[in-house]
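The values are calculated or read from the model by the stated rules, or taken from the named source; none is laboratory data. These numbers come from a predicted model, not from an experiment. Counting neighbours? That spans all protein chains shown, and the Cβs are built from the backbone with ideal geometry, glycine included. The area values use the complete protein model at the heavy-atom level, side chains included, leaving out ligands, DNA and RNA. Shrake-Rupley method; radii C 1.70, N 1.55, O 1.52, S 1.80 Å.
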Amino acid sequence: MLEVANGVTPGHVKLLVVATETPAAMIGFSGYTRPNKRLVAMTWGAEDLGAALGALTNKEPGGEWTFPYQVARAQCLFAAGAAGVQALETLYGDFKDPEGLAESCRIARRDGFVGRIAIHPNQVATINTSFTPSEADLAHARRVVAAFAASPDVGTIGIDGKMYDMPHLTAARRALASVGEGGGS
């Protein structure tokens, strides 16, 4: 084992897997659902997969992913969820387009990704800002958690005329945990 040979505690090294590099990888996602204490995050990539498939491009004229890459993206998101690890969006190739990066991050966060890989250091600040809940997001999450804590035996709560149930509570706790707040149990 390389860890022992290099004086590192066995199991200390954690893995971020790029899970879509080959066609075989695309049909092997179920393997990631087996317990693995090293696996902490999964991402996907379009370039190596495209080369392996012989694709001419992976983007539509408007910049959207073509269907095979939409599938790869979704499969990565689902597999990360099934494995209980973080899902990271793939890189945004145009490192001189911060507005496009921010919009792509907004969409990725909306869909369930918790971060993304960067291809250039200038992208890091935009990525971090995009995936960090705003103060308004956090205030709302705190209200949802507090409302459920005040009525622990109910499955649905009304806040400001809207109904919230267990998935909303889970999302609120996740938002609070992402900034180091406990979010309740």
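Output the residues belonging to segment 152-168 that are open to solvent by 80 Å² or more (accessible area, probe 1.4 Å) and either part of a strand (DSSP E or B) or in contact with a Ser or Thr (Cβ under 8 Å, 6 or more places away or on another chain) (or both).
Once the filter is applied, which keeps residues that are open to solvent by 80 Å² or more (accessible area, probe 1.4 Å) and either part of a strand (DSSP E or B) or in contact with a Ser or Thr (Cβ under 8 Å, 6 or more places away or on another chain) (or both), segment 152-168 yields Lys162, Met163.
Taking segment 40-92 as the region of interest, how many residues are assigned to a strand (DSSP E or B) and within 14 Å of the chain's Cα centre (by Cα)? Full working, then the answer.
As a first pass, look at segment 40-92 and keep what is assigned to a strand (DSSP E or B): 40-43, 59, 65, 86-89.
Remaining after also requiring within 14 Å of the chain's Cα centre (by Cα): 40-43, 86-89.
Counting residues in segment 40-92 that are assigned to a strand (DSSP E or B) and within 14 Å of the chain's Cα centre (by Cα) gives 8.
Among (1) without any contact (Cβ under 8 Å) to a residue 60 or more places away in the chain; (2) more than 22 Å from Ala102 (Cα to Cα); (3) not in a helix (DSSP H, G or I), where does Leu16 come up short?
(1)
Are any of the residues in segment 129-143 in contact with a Lys or Arg (Cβ under 6 Å, 6 or more places away or on another chain) and assigned to a strand (DSSP E or B)?
no
Just the residues that are open to solvent by less than 30 Å² (accessible area, probe 1.4 Å) and over 14 Å from Ser178 (Cβ atoms), please, taken from segment 128-146.
Residue satisfying the conditions is Val144 alone.
Answer yes or no: is there a residue in segment 94-112 that is touching a His at 6+ places or on another chain (Cβ under 8 Å), open to solvent by 60 Å² or more (accessible area, probe 1.4 Å), not hydroxyl-bearing (Ser, Thr, Tyr) and not in a helix (DSSP H, G or I).
As a first pass, look at segment 94-112 and keep what is touching a His at 6+ places or on another chain (Cβ under 8 Å): 95.
Narrowing the set further to residues that are open to solvent by 60 Å² or more (accessible area, probe 1.4 Å) leaves 95.
Narrowing further to those that are not hydroxyl-bearing (Ser, Thr, Tyr): 95.
Subset that is not in a helix (DSSP H, G or I): 95.
The answer is yes, given that some residue of segment 94-112 is touching a His at 6+ places or on another chain (Cβ under 8 Å), open to solvent by 60 Å² or more (accessible area, probe 1.4 Å), not hydroxyl-bearing (Ser, Thr, Tyr) and not in a helix (DSSP H, G or I).
Quickly run through segment 1-27 and pick out the residues that are of a type outside the set (A, V, I, L, M, F, W, C), open to solvent by 30 Å² or more (accessible area, probe 1.4 Å) and within 15 Å of Phe78 (Cβ to Cβ).
Matches in segment 1-27: none.
Only one of these conditions is not met by Arg116: (1) surrounded by fewer than 20 Cβ atoms within 10 Å (Cβ to Cβ); (2) in contact (Cβ under 8 Å) with a residue 60 or more places away in the chain. Which number is it?
Arg116 satisfies every listed condition except (1).
Quick one: Arg174 ticks every box in (1) within 26 Å of Gly84 (Cβ to Cβ); (2) more than 15 Å from the chain's Cα centre (by Cα); (3) surrounded by 12 or more Cβ atoms within 10 Å (Cβ to Cβ) except a single one, so which number is it?
Only one criterion is unmet by Arg174, namely (2).
Assess whether Asp94 counts as being at pLDDT below 95, among the charged types (D, E, K, R), within 27 Å of Asn128 (Cα to Cα) and touching a helix residue (DSSP H, G or I) at 6+ places or on another chain (Cβ under 8 Å). Steps first, answer last, please.
Details: at pLDDT below 95: yes; among the charged types (D, E, K, R): yes; within 27 Å of Asn128 (Cα to Cα): yes; touching a helix residue (DSSP H, G or I) at 6+ places or on another chain (Cβ under 8 Å): yes.
So Asp94 passes the test.
Could you tell me whether any residue of segment 144-167 is without any contact (Cβ under 8 Å) to a residue 12 or more places away in the chain and under 30 Å from Thr90 (Cβ atoms)?
Checked segment 144-167: at least one residue is without any contact (Cβ under 8 Å) to a residue 12 or more places away in the chain and under 30 Å from Thr90 (Cβ atoms).
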